[in-house]
Amino acid sequence: MLLWDSIGAVYFSGRSFSTWLQNLLASSFGISIMDIAAIIASTVFSIAFHEFGHAVAAASEGIQIEYVAVFVAALFPGALIALNCDQLQNLPLFSMLRIYCAGIWHNVMLCGVCVIMALLLPVVLYPLFVTGGLMITGVPEASPLSGYLSAHNFILSVDGLNITRADEWMKMLTQDNVVQISSRDLLEGSEGYRATGSRKGYCVPNSWMDASKNLWQINDKLSCPDDLVAFQRMSEKGIGKKEVEDKYCLIAKDVVKLKKCGNGWRGAEDGRSNFACLEDEYCLVPVLGPGISWIEISYARPYSLECLQKERNSSLLHDGNNNPGLGPCQGTFVYAGDLLSAAHSIKLSSYRPRWPLLLFIADVPRILQDGLSCLFRVSAALAVVNCLPVYFLDGEAILETMLSYFSWFTRRQQRNILKVCRFLWTILSIVLFSRTLYSMTLYYGFV
């Protein structure tokens, strides 16, 4: 079932197989119980609709249906409709081809229905939900963002750039090319560790720098305490090349409130230059190490009890263009870690209930969207797989019937062509499927 879903993504997402598989397995939060239930339901429905197409086409041609079978092959479910072979062979070639292709055609039509329903979803949900804003519908305890965000919070911006859709959130976090901030473990690493800096800086007053004890000394391995983060100066030519000089341990939550500098920020609202700090300020950037990134995330919690008691709650929900301040209903935090795992670790929806009393059904729009998306991909994958001239699939019968149209091939030549194509495509499919399952096994640590 997961295999059919992955095949659908290969053929319809416009990306390579390895890229999509890497994104699918990038986070342990990517597949939940709800996702598995959606895949199972989509698979059962797609198979049933596929076989229903064969049955309808055969009945329209007067072909008798002898029996219907359901089976499981190598852990993958399947079904078939057995037709009367004598009646089927007496049909014209076009009628035979129509019966063989009916299942694929029904899967394609099912994909079309999913697209139409997805487009009409805002109209269907309009009485109870409104669009606008990016609402969090679920944050697992294992999520790296669970300490900052919770269900029914809103994500307002990332690095100062406002976002209102889930695809914008994914795009910003998966394609962010900012360099990584070093963690305490990285800083205490080998003697050969060479820290680098981010292009995202903050204008830090000289008084802060003077008050900060310089814990970096040449040939020493000292690191900042747990509640502090290492920063270093950014020169006008970029990050300073000195590896251990001019590094300071500062409180990150205070630093992020300062004016930004550097050319690594996405949201440069006021159009300031990269080094616009005052004379008594220096542009400091976090010290970086491989594997960890630095981003600022602004959020709102309008449905908290504190915010619901305030009259400005309504304006907060509908104000999607202003960068939030640090009021009681809004906040900003810095996330230092793997961006890809963070992006996949929370559930997001572009819909929010019209009234707080409907928060208990806040997941409904996301479930419907994910269900339609899953049904589309599984149905499309089933159509693609059955187009292949593989043993026991529709593609084998379709190719055999199409070869009969070419009269210049003898029956023996047609059989030989069918055998060669069937053998090659079967081997190719087995290799592709095995590679997919092996990659998944490696990721989850079963071998």
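Data for the structure
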item: Packing rank of 334-341, 402-409, 253-260, where each peptide gets the mean count of other beta carbons within 10 Å, highest leading; result: 334-341, 253-260, 402-409
item: When each of 257/347; 200/257; 171/347; 171/259; 260/347 is checked by Cα-Cα distance, pairs over 21 Å; result: 257/347; 171/259; 260/347
item: Residue-span extension gain [residue 251 to residue 61] - 0.36 nm each, minus C-alpha spacing; result: 60.7 nm
item: Inter-site label distance for residue 41 and residue 413 at 7 Å from Cα along Cβ, in nm; result: 5.3 nm
item: Linear extension gain, residue 108 paired with residue 82, 0.36 nm per residue minus alpha-carbon span; result: 7.1 nm
item: Nonlocal amide H pairs with residue 91, under 5 Å, H built at 1.01 Å; result: none
item: By average C-beta atoms within 10 angstrom, highest first, the peptides 388-401, 358-371, 95-108; result: 95-108, 388-401, 358-371
item: Tensor-based shape of region 338-447 (alpha-carbon gyration tensor, a/c under 1.5 rounded, otherwise prolate or oblate); result: oblate
item: Gain in span if fully extended, residue 437 to residue 373, counting 0.36 nm per residue against the direct Cα distance; result: 20.8 nm
item: Amide hydrogen neighbours beyond the local backbone of residue 351, cut-off 5 Å, H modeled; result: 135
item: Residue 124/residue 420 FRET efficiency (R0 51 Å; Cβ-Cβ; nearest 0.05); result: 0.55
item: Ranked by how many other beta carbons lie within 10 Å on average, peptides 342-351, 112-121, 136-145 from highest; result: 342-351, 136-145, 112-121
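No value in this document is a laboratory result; all are computed from the given coordinates. Everything numeric here is computed off the predicted structure, so don't read it as measured data. Positions of Cβ are backbone-derived with ideal geometry, glycine not excepted, and every protein chain shown enters the neighbour counts.
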